1. Does Thr337 satisfy the criteria of being modelled with pLDDT of 95 or more, in contact with a helix residue (DSSP H, G or I) (Cβ under 9 Å, 6 or more places away or on another chain), among the polar types (S, T, N, Q) and not in a loop (DSSP other than H, G, I, E, B)?
2. Just a yes or no: is a residue in the range 269-286 among the polar types (S, T, N, Q) and away from ligand 2 (no atom under 16 Å from the Cβ)?
3. Answer yes or no: is there a residue in the range 206-222 that is away from ligand 1 (no atom under 16 Å from the Cβ), touching a strand residue (DSSP E or B) at 6+ places or on another chain (Cβ under 9 Å), assigned to a helix (DSSP H, G or I) and farther than 30 Å from Arg52 by Cβ.
4. Could you check, for the range 220-229, whether at least one of its residues is closer than 28 Å to Ile46 by Cα, hydrophobic (A, V, I, L, M, F, W, C) and touching an Asp or Glu at 6+ places or on another chain (Cβ under 6 Å)?
5. Taking interchain pairs and intrachain pairs at least six residues apart, which have beta carbon atoms under 8 angstrom, with the first residue in the range 107-128 and at negative phi and the second of a type in the set (Asp, Glu) and within 13 Å of ligand 1 (Cβ to nearest atom)?
6. I need every pair where a residue in the range 271-297 that is among the acidic types (Asp, Glu) has its Cβ under 8 Å from the Cβ of a residue that is surrounded by 10 or more Cβ atoms within 10 Å (Cβ to Cβ) and not in a loop (DSSP other than H, G, I, E, B), sequence separation at least 6 or different chains.
7. In the range 129-167, how many are at positive phi and either in a helix (DSSP H, G or I) or within 14 Å of ligand 1 (Cβ to nearest atom) (or both)?
8. Return the residues of the range 433-461 that are modelled with pLDDT of 95 or more, among the acidic types (Asp, Glu) and under 21 Å from Leu190 (Cβ atoms); say none if nothing qualifies.
Amino acid sequence: MTAVDPRQARSPGITYQELLDADTHPVPDVLRLEAPKYLGDEDISITRYITREWHELEKERLWSRVWQFACRTDHIPEPGDYIVYDITNQSYIVVRQPDGSIKAYPNACLHRGRKLKDYDGHCEEIRCPFHGFAWALEGELADVPAKWDFPHVEERQEQDFNLPECAVDTWAGFVFINPDKNCEPLSDFLGGIKEQFEIWNLEDRCVEAHVTKIIGANWKIAQEAFSEAYHVNATHPQILPYLADTNSQVDIWENYSRVITAGLSTSPLIWYEVSQDEMMRGMLDVRVDQDSPISIPEGASARAIASISARDRWRPMVGDRVDTMSDAEMMDSIDYTIFPNMHPWGAFNRIVYRFRPNGDDHRSSIMEVFFLSPYKGEKPKPVKRRDLTIDEPFTNATELGMLAKVFQQDVFNMARVQQGLETTRKPGITLANYQEAKVRWIHKKLGEYITSEVAPKSKGDQ
Ligand code: FES
Ligand SMILES: [Fe+2]
């Protein structure tokens, strides 16, 4: 078997870096970074998607000791505000403290084990609904009804009856927890992504949309559908005239990676010449018998003109800073992934995805979409979450706009992938070397967690 030299394996057509050379504005350094990685070309075992054994390993070795995005800091602004964060069969409560810090506890009473909280909310103390044991927000046991009957609890309070804590930290307005208190610091885990996102300031965004949807497939099948642009030609053929799918740039660092796909640039898979006007009409979803609201003068570029409109759209919220931002930041899909399951997008695409197993079921998952939007004036509170069942289409979530249709096309494949993998006689899935490198990277990281006795520590971005 000959490994393909990753420098040779690139789509015909303009590269992303060449496209940046034609930008009408200065391009930020972060988009000039290139980190292609050839991670091998072996098949990935289908057992990772279809077996209970692998799911149990993920519970024991991944979810119990990896940093994971729990909520936005805005979801719990006041002391006593809490959210319930569930992952597989585990549940945690993430609580804003009186001093403004955040703590997370396993969501389990230390008397006889009932979940302490069923829903997100606000409380003055954490009181168990079963027999009424109560803890201060800081985790100290505060009340035991009929205390005379529990002298042994008083004796062992320090070591056994204060709530055990998870590790908690924040980045860019996201609250992360790690159930393993002895984990490496979040900052080390995140590595260079912190600097890469600085110019986009995700901290200063509000949650403008929040939609969850149950998917009839393993969480990795759902996540991987959003980890490459290779599927666009077959799954979303309507966007090919204005999306440079196979010319996407794929970069891999240690615990994060990205795929950047240019907008208002035509797919190399299209066999006919697409005019600048057709590109714009495609993006705006204009019908053949309708006039386009934005026409492209002879010789002008749709990408540059669409960027002018995008700047006008964001200017009221972001101010004149938009005039220093590149066309790329206005137009492109800058899709980062932080291992294991969080996808914050750069610039103003506003999207953050999260993918999790659906409770303890390895054959279904929860896909979540957040829109983090710039805002004007006082920061709006996060919107109420909309939960879509397995049977409800994404298009019911009108707050997602035109993207809902695209997501629905993605969802259409997922349960069929699960069924196909359970049927196939082929023991592994096969991946493209470059375009699907992010999928391979996820599996490489996952393999490191599953095979390590102790949680892997970051070695730093190379
Ligand atoms: S189980 Fe919580 S007080 Fe009894
Ligand atoms: Fe897609």
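The values are calculated or read from the model by the stated rules, or taken from the named source; none is laboratory data. In this text the structure is predicted, and so the values were computed from the model without any measurement. Counting neighbours? That spans all protein chains shown, and the Cβs are built from the backbone with ideal geometry, glycine included.
1. yes
2. yes
3. Among the residues of the range 206-222, not one is away from ligand 1 (no atom under 16 Å from the Cβ), touching a strand residue (DSSP E or B) at 6+ places or on another chain (Cβ under 9 Å), assigned to a helix (DSSP H, G or I) and farther than 30 Å from Arg52 by Cβ, which makes the answer no.
4. Checking the range 220-229: at least one residue is closer than 28 Å to Ile46 by Cα, hydrophobic (A, V, I, L, M, F, W, C) and touching an Asp or Glu at 6+ places or on another chain (Cβ under 6 Å).
5. Glu125/Asp143; Arg127/Asp143
6. Note: pairs meeting the criteria are Asp277/Ala302; Glu278/Pro241.
7. Number satisfying all stated conditions: 2.
8. Passing the criteria: only Glu448.
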